[in-house]
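Student: Dropping the structure in here first, questions after.
The values are calculated or read from the model by the stated rules, or taken from the named source; none is laboratory data. Since this is a predicted model, take the numbers as computed values, not measurements. Counting neighbours? That spans all protein chains shown, and the Cβs are built from the backbone with ideal geometry, glycine included.
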Amino acid sequence: MSFLVEQEEFRTIEVESLGDVAAPDQDQHALGDARPVIKPVHPVEKSFDTPADSNKAMTQIRSVVGQLRTALPELSLVSIGVSVPGPTDAGRRKLLLAPHLGWRDVPVADALIENDPGSHNSGKGVTVIVENDAIAAAIYEARRLLRAPTTGAEDNFILVRAGTGIGVGLVLGGEVYRGSGTDRGLLGEFGHMTIVAGGDPCACGNRGCWEVYASAAGAASIYLGSGASARGRTPPRFIEIVARAGEGELRAQTTLARIGENLGIGISNVITGLGVSRVVISGRIVHGWMFIRKSLEEAVAQTMAGRLSNWSIEPGQPTGAGLGGAVEVAIDHYLTELARSMRAAA
Ligand SMILES: [Zn+2]
């Protein structure tokens, strides 16, 4: 079972069952030849608006967990993966900070398995893994690329997830890098690196952050502009800006070109900082890829000129990677624990 917590796309819930089918199939959630094939159970997907209050949000998820367990009595729940829009603690139990939701130190895992032994909703024996959505998306894309027949050889890449904000995941040798030590909560927080000194305010409290200028949410501000006419107007959703660009509207096309340029400037910094030259873009921003690509590539080429000429940037999945990654994370944890208990019993 997995959850995606995001400001604009809200929460989706997906239940999957661990099958014992030997042959790998086309199922996007399969983990590879040597592992059990994961069979999605349909139709059990639900979504609802994210409440502003994190306690209310957790109560609502808990209630949905209960409903799904009641609806699927033949399956036993072993693991829940939660994809959250921000860094987690080292134990992957807490969401440390989600500026756009205004949440800080939310004990997601504890909230979801609150002990209530008398209830059918009791979390006894269920593990909850809370994963940063950029890392979850990186895991998902790494598995997807690994399974693709044409691209399997390359297993180092940077994942840039741009939606409401921007998060960065790093995959080295086919495995996602999680950082180490007490500062791992800072891993991937490139969305808050300053690219415009004294620039526009960001939800994090800083000014001029990359995600203000290059995220899907940032596109709405660029589209509206800063003049008096922009005040009081409802910002368009990113998908609407893309649709208008597709209809030939110049303002929408210029907005997306600006997003591409800003995304490219930040990506060049990330490539330089991490020393990995393959980049996969994920999240809502991918919907606008055909209008973003050219200015993005030009910005990277210009910024990297004289340093690196061999780099690649490709679009990944616009939706589903965060949720798919949360599923993979939950299953990974379950299989690891299973293997450990089998070794202990042997
Ligand atoms: Zn910021």
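Student: If you go through segment 68-90, how many residues are free of Cβ contacts under 8 Å to residues at least 40 places away in the same chain and of a type in the set (Asp, Glu)? Can you show your working first?
Tutor: Residues of segment 68-90 that are free of Cβ contacts under 8 Å to residues at least 40 places away in the same chain, as a first pass: 71, 73-74, 76.
After this cut, where a residue has to be of a type in the set (Asp, Glu) as well, the list is 74.
Residues flagged as free of Cβ contacts under 8 Å to residues at least 40 places away in the same chain and of a type in the set (Asp, Glu) within segment 68-90 amount to 1.
Student: Can you go through 307, 340 and tell me which one is outside the structural domain of residue 160 (by TED's automatic domain parsing) and at pLDDT below 90?
Tutor: Only one candidate passes the filter, namely 340.
Student: Working only within segment 303-346, note down all residues that are part of a helix (DSSP H, G or I) and either surrounded by fewer than 16 Cβ atoms within 10 Å (Cβ to Cβ) or aromatic (Phe, Trp, Tyr) (or both).
Tutor: Residues of segment 303-346 part of a helix (DSSP H, G or I): 303-304, 321-345.
Matches in segment 303-346: 334, 335, 336, 337, 338, 339, 340, 341, 342, 343, 344, 345.
Student: I'm trying to understand the selection: among the residues of segment 165-195, which are within 13 Å of the ligand (Cβ to nearest atom) and at pLDDT 85 or above?
Tutor: Once the filter is applied, which keeps residues that are within 13 Å of the ligand (Cβ to nearest atom) and at pLDDT 85 or above, segment 165-195 yields 165, 166, 167, 190, 191, 192, 193, 194, 195.
Student: Look through segment 216-232, keep the residues that are modelled with pLDDT under 80 and part of a loop (DSSP other than H, G, I, E, B), and return whichever of them is nearest to residue 254 (Cα to Cα). Before you say what the answer is, go through the steps one by one.
Tutor: Our first condition is that a residue be modelled with pLDDT under 80; within segment 216-232, this holds for 226-232.
Imposing the further condition that a residue be part of a loop (DSSP other than H, G, I, E, B) reduces the set to 226-227, 231-232.
Working: 226: 15, 227: 17, 231: 20, 232: 22 Å.
Looking at residues that are modelled with pLDDT under 80 and part of a loop (DSSP other than H, G, I, E, B), I get 226.
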